[in-house]
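The structure appears below as structure tokens.
The values are calculated or read from the model by the stated rules, or taken from the named source; none is laboratory data. From a predicted model like this one, the values you see are computed outputs, not experimental measurements. Please note: Cβ atoms are built from the backbone with ideal geometry, for glycine as well, and neighbour counts cover all protein chains shown.
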Amino acid sequence: MIAILITVASLCFVPGVQAGPDFSGTWTFDQAKTMRPGPDGRVVLAAMLGDQFVALQNDKTLTLRITFNGEIVVAVYDLTGAESENVSPGDIRVRSRATWQDKKLVIDSISQGVDQGKPATIKTKRTIWLDESGDLIVERTGTPASAVTSSRSVYRRVSAPRPPSPYED
């Protein structure tokens, strides 16, 4: 009887999507904080998400509207574990998979590019989280190292997240 109850209980358990922090809001690049050494002691000045971006997040997606060289670049990441595809400037198709690791969002991406004049597969890992002061931190690593500079950006929230609309998913 106990074995049957354990079997039934295990069949009824469906793992949900792990909820992480809500990154929603308008964010601006903080050069002064970015210049502070990261955990590895290095400083690489990079506004990875542009000088300013807007993040909209719900249970299923994180949408980033990034202002880059006067243009708006939109990237949508699936937070349920499914693969996402976005187009970076230069019409570069990027496939990504986002996963929560504790309170950090890890986005693993792959695209085709050029490294040292030759076609190459570019792999990046961006880790995004909120620090204790509420700043948004983005750290990037990847391969090949000659095509992906490890870097860290700090953004500060300039407007609070907007309340969810009853008309959105």
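Looking at the structure I just gave you, is Gly142 part of a loop (DSSP other than H, G, I, E, B) and more than 19 Å from Val158 (Cβ to Cβ)?
On the way: part of a loop (DSSP other than H, G, I, E, B): no; more than 19 Å from Val158 (Cβ to Cβ): yes.
So Gly142 fails the test.
Only one of these is of a type outside the set (Phe, Trp, Tyr), in a strand (DSSP E or B), at pLDDT below 95 and surrounded by 14 or more Cβ atoms within 10 Å (Cβ to Cβ): Thr63, Thr124, Thr67. Name it.
Working: Thr63 fails: at pLDDT below 95; Thr124 fails: at pLDDT below 95.
Testing whether each residue is of a type outside the set (Phe, Trp, Tyr), in a strand (DSSP E or B), at pLDDT below 95 and surrounded by 14 or more Cβ atoms within 10 Å (Cβ to Cβ) leaves just Thr67.
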Residue within the stretch 48-60 that is in contact with a Lys or Arg (Cβ under 8 Å, 6 or more places away or on another chain), loosely packed, with under 15 Cβ neighbours inside 10 Å and assigned to a strand (DSSP E or B) present: no
Candidate set: the stretch 91-121, residues that are charged (D, E, K, R) and in a strand (DSSP E or B); chosen: the one surrounded by the fewest Cβ atoms within 10 Å (Cβ to Cβ): Lys118
